[in-house]
Amino acid sequence: MSGGRHMRLCVAPAAAVLATLALAALPACRILSIETEQQQPNDASRSSFDAASFVSTSWDQRVLPYFKTKAADLSQVLNGSATDFNQTAARWGRRLGDVNGPVSFAVEGSGVVTALNTESRAGTASVDVQTDTGTKSVTLQVGPVVRGNAIRDSLPFVSFQDFTNQIEFAQAGRALTDRAMAGVKAAVAALKGGQRVHFSGAMTMTKATDPAVITPVLLQAEPSP
Amino acid sequence: MKRTACLIAAAGLLAGVAFAGAAYAEGAKKLIVVITPSHDNPSFTTEAVVAEAKAKELGYDTLVFSHDDDANKQNELIDTAITRKAAAIVLDNAGADATVAALQKAKAAGIPSFLIDREINATGVAIAQIVSNNYQGATLGAEEFVRVMGEKGNFFELVGKESDTNAGIRSKAYHDVISQYPNMKLVAQQSANWSQTEAFSKVESMLQAHPDVKGLISGNDTMGVGAIAALQAAKRGDVVVVSFDGSNDARDLVLAGKDAATVLQPFSHEAQLAVELADKYIKTGSTGQPEKISLDCTLITKANADKLNNMAMKE
């Protein structure tokens, strides 16, 4: 790698001279700047992964169908977690890492928007959800900044094993989240307090007392009861 | 070289004659070789100490080395492990690409490798890669940094040693988060090579050039500690600092309100898990786990810093 860089450094000035002398004659000549070279570190932070095509080939075929047909009932997950987190995780969630790792759930539910918190760019909506053990307040992430990789980590067909390194794994997660937010953009823009909404999405919890913070994949307004 | 070998052989023979019984018991123990980056950084000391203790507990002999982030030195240490017919190598490696060939050599010699912390850009070479998800951890640190800064202001970044994969990963994750906030502005970015003293002098001069700075995000705790010392010396305790690793030094600064947050890498847990998997592999020929295991990092703030000790959280 460093050998290549030295060679490029020697060749570049010569190529630049040639290019100046005969620019028209060398239309295919491409000079890599030194900066471009330096932006390609020799380590696991490099990546040739195409996150956009990863999402475009999986979103309609696999991701949306998964959230439409496999998402667990949010109120059941919330009540189950409070009673026995590990059992609930094993039944409806997907654990990353080892036995103490975070658990991501694909969930669906309905509730009433009680507050919109958009002062931060990591905007959220608070939603009251009815469960067997009473009303619970959950948080929907509405962006533009969205935290975590709950969507990626809730999908059983997306595994850390399948990526060259953690950068690619992260890029896949970010691209899935971005795609989800693009899909709910109109519904997010129309959100207002008191509105009843139905949503499917993903949340990550490490223990029963963690707040339920959901990244929406599907979001729609429902008529008030 | 030859003479040394003869001397060692002779010494070995003598020892064998003198302590035949003891030598037999010692010889029956299998060897686990633990190789980490320099112990200048307490994170890597933790790895080495925990891995060694776990290996001894499970009845292994151990050899503990540091490669000092030098791929050639790492190569020699792997050769040593091969010569010593190690039963397993536990390694926090010296480069995602440079390490692959060295581990292939160990594999060819029948020695399984168990990687901790840093990953390599290849699978099927090591038996396990227990990876600290530095990207995820740095995301947590950057989110907290942005939050405490009120999502706006000029900031510095201190970057780690270029040969360390995780230096690049953390910096990338920091920027992936912070660039989503248009009022956050990076005014100076410098490498301090994970060094406390280098961070101190770099931050001193960065402060002179940019007195309007409001925050500093550091690639690790040792640089963070150096930066905080420089900020305190310049009476700029108002500058928000976030660092990474979860060392005891950083914990104390978090508790004192001088470091807004650090991010705990599960070094202790990883080292322990690597030895457990190695033991299982040695005994059964399988770890029963996929090769790549990603372990998440934990944000450490004033709210939970008192539970942190020697890079592990007390329950």
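Structure above, values below:
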| item | result |
| --- | --- |
| Other-chain or far-sequence residues with amide H under 5 Å of B:Thr62's (modelled H) | B:Ile32 |
| Translational diffusion of the protein assembly as shown, µm² s⁻¹ [Kirkwood Rh, Cα pairs; Stokes-Einstein; 25 °C; 0.890 mPa s] | 96 |
| Choice from B:Ser179, B:Ser243, B:Ser43 showing the highest fluctuation, given a GNM over chain B with Cα pairs closer than 10 Å | B:Ser179 |
| Accessible surface ranking that places the most exposed of B:His269, B:His67 first, with a 1.4 angstrom probe | B:His269, B:His67 |
| Region B:31-116: C-alpha gyration tensor shape, a/c 1.5 cut-off, then a/b vs b/c | oblate |
| In nm, spacing of pseudo-spin labels at B:Ala209 and B:Ala256 (7 Å Cα→C-beta vector) | 2.8 |
| Per-pair calculated FRET efficiency, R0 = 41 Å: A:Gln76 and B:Ala108 via Cβ, rounded to 0.05 | 0.20 |
| Normalised contact order of chain B, rounded percent, pairs of Cα under 8 Å and 6 or more residues apart | 18 |
| 5 angstrom amide H check on B:Lys161, placed H, neighbours 5+ away | B:Asn193, B:Trp194 |
| Cross-link reach list, aspartates and glutamates versus B:Lys56, counting only Cα pairs under 18 Å and skipping chain neighbours closer than eight places | B:Glu26, B:Glu47, B:Glu270, B:Glu276, B:Asp279 |
| Inter-chain shielding of B:169-178 (mean C-beta neighbours from other protein chains, 10 Å cut-off) | 3 |
| Region A:99-179: Rg to Rh, with Rh as the Kirkwood radius over Cα pairs | 1.04 |
| Low-density loop positions, trypsin sites (Lys or Arg not before Pro), region A:139-225 - DSSP coil, at most 15 other Cβ in 10 Å | A:Lys192, A:Lys207 |
| Neighbour-limited loop hits for trypsin sites (Lys or Arg not before Pro), region A:85-124 (at most 16 other Cβ within 10 Å; DSSP other than H, G, I, E, B) | A:Arg121 |
| Label-to-label distance, nm, for residues given as B:Ser179 and B:Asp97 (7 Å Cα→Cβ offset) | 2.2 |
| B:Lys56/B:Ala233 FRET efficiency (R0 41 Å; Cβ-Cβ; nearest 0.05) | 0.40 |
| Fraction of antiparallel bridges per DSSP, chain B only, in percent to nearest 5 | 10 |
| 26 Å Cα-Cα threshold exceeded, pairs from B:Lys161/B:Lys302; A:Lys185/B:Lys214; B:Lys235/B:Lys302 | B:Lys161/B:Lys302; A:Lys185/B:Lys214 |
| Amide hydrogen neighbours beyond the local backbone of B:Ile300, cut-off 5 Å, H modeled | B:Thr262, B:Val263, B:Leu264 |
| Cα gyration tensor shape of chain B, rounded if a/c is under 1.5, else prolate or oblate by comparing a/b with b/c | prolate |
| Note, ³J(HN,Hα) from phi for region B:124-138, Karplus 6.51, -1.76, 1.60, rounded to Hz, x at Gly and Pro | x, 9, 9, 6, 9, 10, 9, 9, 6, 6, 4, 4, 4, x, 5 |
| Per-residue [θ]222 nm for the protein assembly as shown (sum of -39500 (n - 2.57) over DSSP H runs n ≥ 4, rounded to 500) | -13500 deg cm²/dmol |
| Binned Cα-Cα distances of region B:111-254, short to long, each 10 Å bin given as a whole percent | 12, 42, 31, 11, 4, 0 |
| Using a Förster distance of 41 Å, the FRET efficiency for B:Met313-B:Asp40 (Cβ separation, nearest 0.05) | 0.95 |
| Cα shape, region A:69-208, gyration tensor, a/c 1.5 rule | oblate |
| Highest-MSF residue in chain B out of B:Asn304, B:Asn220, B:Asn133 [GNM, Cα springs under 10 Å] | B:Asn304 |
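The values are calculated or read from the model by the stated rules, or taken from the named source; none is laboratory data. These figures come from a predicted structure and were not determined experimentally. Ideal geometry is used to build each Cβ from the backbone, glycine not excepted, and the neighbour counts take in all protein chains shown. For the accessible areas, the whole protein counts, side chains as well, though only heavy atoms, and no ligand, DNA or RNA atoms are used. Shrake-Rupley method; radii C 1.70, N 1.55, O 1.52, S 1.80 Å.
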